[in-house]
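A.B. asks: Got a structure for you, written out below as structure tokens; questions coming shortly.
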Amino acid sequence: MFRYMFLALVVIAATQATAKVELRLLNEYKCYVSLETGVNQVIDVQVKQKSRHQAELAAYQRGYAAPQQQQATRVEQVIQCVEFNQQFGSAEARALDAKKLR
């Protein structure tokens, strides 16, 4: 009986450890985008592959939703995606990024 309980605890612990490792495998990017409303914004995305192209696709799929906004605004164009710890090339994008609450 105790052997089965111990085995169950080991399986549960291994499952939780695997979930934590999978979360760390996501690559974080930030994308400077133009919304369908004509406003430019910086959005954060996470992708499994370390790829700017995948980050761009995720930005299109995610859209942008302000905290008080229920429905996301569609991304019309992805201007630039960079890794989360990198800086944008555009001064406007850097200014928006500095103002973004995270």
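A.B. asks: Considering only the range 80-100, state which residues are under 15 Å from the mean Cα position of the chain (by Cα), part of a loop (DSSP other than H, G, I, E, B) and at pLDDT 95 or above.
C.D. replies: PHE84, ASN85, GLN86
A.B. asks: Among the listed residues GLN68, GLN77, identify the single one that is exposed (fewer than 15 other Cβ atoms within 10 Å of the Cβ) and in a loop (DSSP other than H, G, I, E, B).
C.D. replies: Every option except GLN68 fails the conditions.
The values are calculated or read from the model by the stated rules, or taken from the named source; none is laboratory data. Fair warning: this is a prediction, and the values are worked out from it, not measured in the lab. Positions of Cβ are generated from backbone atoms using ideal geometry, with glycine treated the same way; all protein chains shown enter the neighbour counts.
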